[in-house]
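Beneath this line is the structure, given in structure tokens, with notes to follow.
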Amino acid sequence: MKLDELIEYLKYKDLINFKNVEISGISYNSQTTKQGDIFVCLIGEHTDGHEYAQMAIDSGAVALLVERKVEGVSVPQVQVESTKYQIADIADRFYSSPSKGINLIGITGTNGKTTVTHLIQKILEENHQKCALIGTLGYKLSSTSEYRNAKHTTPQAPELQATLRMIKDIEKIDNVVMEVSSHSLEQNRVGGCRFNGAVFTNLTQDHLDYHITMENYFKAKALLFQRLQEGNFAIINIDDEYGERFLNEVPEGVTKLTYGVKKQADLMAKNISFSSNGAEFTLVYKNNEYNVNLHMNGMFSVYNVLAAISSATAMGIDISIALNALQNVHGVAGRFEVVNKKPLVIVDYAHTPDGLENVLKTAREITPANGKLICVFGCGGDRDATKRPKMGAIAQELSDKIIITSDNPRSENPQQIITDIIAGLKSVDPETVTVEPDRGEAIRLLRTIANNNDVVVIAGKGHEDYQILKDRTIHFDDREEARKVFAGSVI
């Protein structure tokens, strides 16, 4: 694509050294720049891409997208207001707006995004439609295919647009369901994406290290709904305290569907019960009632299923097809995933106060009267520190025993993170509270702490198969470690 074609609809401030060069790719990392790329000088928290422009040119970049003129280079420079936001514009243009030809559904919220994407994918496949998904675990082209790696919940714009183009043209898939993070919305990584539908799961404390306030967090999430157009649909969890506010962000002409358990909603669940086999409830929609039996457990699973069924309804899929698909789902990797039966060991991604509370309340529902509920958890480093004591308080209140350990400490001292967690405890009774900074050793302690009738929740990392330390990233998988501990027991 020629440079003038690439910037045809771009709002730019100036053109420097303009030559109509051929652009064969988009890069924003000088170390991976290839011959023919336009190099985007992104300005981040710790680095400024303008300082790496010459390195990118040496690697083959033939043009630059800049916020300020880079001196001493002869390649064309397109000066814009914000490279962070406008990289999405050129990515959409370069890949010929792939989302225009796709039924693209975005899922946003603090918890539940991954599960809801998987459930919607299952429903569409049950309806004999191909569906790809993009999210935390990477991207996959069907419910039975392997994940392909992704660096972020929502990839940076060039990778995202390239993936959408590949899904549409090469794989011939017309439906994509995608997790949409608050970061990707605020940073415009999904700029250029035309969403046919948007789903809101919930909004609880998370990412305040980045957004600072809950109001900023809400405003970032709300962008997904504000960009919907006439004929699109919006699915809202009306029980959430932010539900009404999200509903008010939806433009006129967009179909709105609400779901919930407590408040009056378009789709509701009642007569909810839980057992070790899963959840059961009655679905109410348009004065009709449907019996729902799930292999998934917990109130959060009920909400996730309601979100998925609401989405199916908005797409014109019969509820009976949706229910048939969902009743055969046995869960998502690292989301209330059972890795051992005696004791019952559950691995979950819960890494927020609300997420941990929901998982532990669900686990309590299925803990035998003669059994204990044991929670192993930590908190991530270089993230919102204010949630650490809150999670400590929740774990102590809802569990019989807790083992406080390390999560992904990153650049922080694991002991300091643990100290922050302990600040939320009412007491540090060694009979009920154990501190073990080594996560592997903390899980191995379960061999002597947990009995066959107990329920163990290992929270925080879920599907992750790595641990990020100060100086390196190591292989670490909670599920693998737990299986080693209980090898030979009933699984």
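Bear in mind that the values in this text are calculations on the coordinates, not laboratory data. The model shown is predicted, which means the values in this text are computed figures rather than measured ones. Methodologically, a virtual Cβ is constructed for each residue, glycine included, from the backbone with ideal geometry; neighbour enumeration extends over all protein chains shown.
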If R₀ is 25 angstrom, what is the calculated FRET efficiency for the pair residue 416 and residue 444, using the beta carbon separation as r and rounding to 0.05? 0.60
Anisotropy class of region 337-485 from Cα gyration tensor, a/c 1.5 cut: oblate
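Just to confirm the filter: which GluC sites (Glu not before Pro) across region 76-127 are DSSP coil and have at most 15 other Cβ within 10 angstrom of their Cβ?
Taking region 76-127 and a limit of 15 other Cβ atoms within 10 Å, the loop GluC sites (Glu not before Pro) found are 81.
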Provide the gained length on full extension for the span residue 263 to residue 47, in nm with one decimal, where the gain is 0.36 nm per separating residue minus the Cα-Cα distance. 73.1 nm
Rounded to the nearest 0.05, what FRET efficiency do residue 333 and residue 71 have when you use their Cβ-Cβ distance and R0 = 45 Å? 0.35
Return one number: the angle in degrees, 0 to 90 and rounded to the nearest 10, between the long axis of the Cα atoms of helix 299-314 and the longest principal axis of the Cα atoms of the chain. 40 degrees
Two decimals is fine: what's Rg over Rh for region 277-345, C-alpha atoms, Kirkwood radius as Rh? 1.02
Between residue 320 and residue 364, what's the calculated FRET efficiency when r is the beta-carbon distance and R0 is 30 Å? Round to 0.05. 0.35
What fraction, in whole percent, of alpha-carbon pairs in the chain exceed 42 Å separation? 21 percent
Please give me, ordered by residue number, the trypsin sites (Lys or Arg not before Pro) of region 340-431 that lie in loop per DSSP and have at most 12 other Cβ atoms within 10 Å. 426
Go ahead and estimate [θ] at 222 nm for the chain from helices alone: -39,500 (n - 2.57) per DSSP H run with n ≥ 4, summed, over the residue count, rounded to 500. -9000 deg cm²/dmol
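How large is the dipole of the chain about the Cα centre if only Lys and Arg carry +1 and Asp and Glu carry -1, each at its Cβ, rounded to the nearest 20 debye?
I would put it at about 660 debye.
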Could you tell me the relative contact order of region 3-94? Use alpha-carbon pairs under 8 Å, at least six residues apart, and round to a whole percent. 31 percent
Cα long-axis angle, helix 214-226 against the chain (0 to 90 degrees, to the nearest 10): 60 degrees
Any chance you could tell me what percent of the C-alpha pair distances in region 69-137 go past 19 Å? 59 percent
Taking the beta-carbon count within 10 Å as an exposure proxy, list 41, 379 from fewest neighbours to most. 41, 379
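Using a 10 Å cut-off around each Cβ, can you sort 473, 405 from fewest to most neighbouring Cβ atoms?
Details: 473 11, 405 26.
If I rank by nearby Cβ atoms, fewest first, I get 473, 405.
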Helix 157-169 versus the longest principal axis of the chain: what is the Cα-based angle in degrees, 0 to 90, to the nearest 10? 90 degrees
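Ranked by Cβ crowding within 10 angstrom, fewest neighbours first, how are 11, 130, 140 ordered?
On the way: 11 10, 130 16, 140 19.
Taking fewest neighbouring Cβ atoms as first place, the list is 11, 130, 140.
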Pop a pseudo-label 7 angstrom from the Cα along the beta-carbon direction at both residue 465 and residue 483 and give the gap in nm to one decimal. 1.0 nm
Between rounded, prolate and oblate, where does region 20-113 land on the alpha carbon gyration tensor, with a ≥ b ≥ c its root eigenvalues, rounded for a/c under 1.5, else prolate if a/b exceeds b/c? prolate
